1. Quick check on Gly6: is it surrounded by 12 or more Cβ atoms within 10 Å (Cβ to Cβ), small (Gly, Ala, Ser) and in a helix (DSSP H, G or I)?
2. When you look at Lys95, is it over 30 Å from Phe18 (Cβ atoms), in a helix (DSSP H, G or I) and modelled with pLDDT of 75 or more, yes or no?
3. How many residues are crowded, with 16+ Cβ neighbours inside 10 Å and in contact (Cβ under 8 Å) with a residue 40 or more places away in the chain if we restrict to region 18-46?
4. Is it the case that some residue within region 33-53 is more than 25 Å from the chain's Cα centre (by Cα), in a helix (DSSP H, G or I) and at negative phi?
5. For region 59-76, give me each residue that is exposed (fewer than 14 other Cβ atoms within 10 Å of the Cβ) and in a helix (DSSP H, G or I).
6. Just checking, which of Gly113, Gly103 is small (Gly, Ala, Ser) and either surrounded by fewer than 11 Cβ atoms within 10 Å (Cβ to Cβ) or at pLDDT 90 or above (or both)?
Amino acid sequence: MIDILGILRVIFGLLFLFFVPGFALLLAIFPKKELSIAERIGFSGALSIVADMLTVLFIDLVLHIPTTALNIVLSLLTLTAFALIIWRLELFFLKLKEKERGGGRRETREEEGKGVETQRGKWEGELRKKKEGESRKETEKRTESEG
């Protein structure tokens with residue numbers, strides 16, 4: 001008979017081993033959506049493998065903890081939790097910085113477009129006034145030279 005629980009345990013174990021730590025670290029490195037989904041998945045796999053190896057080496061050589069399956073899983077869970085905490089703190093500070101810089105209000109694209117149109121209108125008005133002033137001076141010069 002097929003051991004469904006054993007198969008699920010292997011699937012979730014491999015998913016945790018080859019994806020989750022790298023994804024958490026990638027979120028901590030790139031907190032905003034700077035990468036596409038495909039790039040994020042690919043980098044997560046590679047970063048997970050590297051993180052797994054370095055974590056096992058760290059707990060074995062530096063901390064002198066025996067490398068049993070339970071110790072490896074606990075250390076990877078700790079690494080993942082630490083990376084997720086860093087990611088949330090980065091998002092919090094980025095939002096705080098954005099509020100300070102923007103005055104707590106973000107303009108929509110329509111409002112940004114209106115702002116550009118308003119600025120363009122001001123420039124055109126100033127240019128028109130400048131041209132009118134120059135044409136007025138030229139008219140005055142002509143009347144002086146004629147008279």
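The values are calculated or read from the model by the stated rules, or taken from the named source; none is laboratory data. All of these numbers come straight from a predicted model, not from anything done at the bench. Glycine also receives a Cβ, built like all others from the backbone with ideal geometry; neighbour counts cover every protein chain displayed.
1. Values: surrounded by 12 or more Cβ atoms within 10 Å (Cβ to Cβ): no; small (Gly, Ala, Ser): yes; in a helix (DSSP H, G or I): yes.
Judged against the criteria, Gly6 is not a match.
2. Numbers: over 30 Å from Phe18 (Cβ atoms): yes; in a helix (DSSP H, G or I): yes; modelled with pLDDT of 75 or more: yes.
Judged against the criteria, Lys95 is a match.
3. 7
4. From region 33-53, those more than 25 Å from the chain's Cα centre (by Cα) are 53; that's our starting set.
Checking which are in a helix (DSSP H, G or I) leaves us with 53.
Within this subset, residues satisfying the condition of being at negative phi are 53.
Yes: region 33-53 contains one or more residues that are more than 25 Å from the chain's Cα centre (by Cα), in a helix (DSSP H, G or I) and at negative phi.
5. Matches in region 59-76: Leu61, Val62, Ala69, Leu70, Val73, Leu74.
6. Details: Gly113 fails: either surrounded by fewer than 11 Cβ atoms within 10 Å (Cβ to Cβ) or at pLDDT 90 or above (or both).
From the options Gly113, Gly103, the qualifying one is Gly103.
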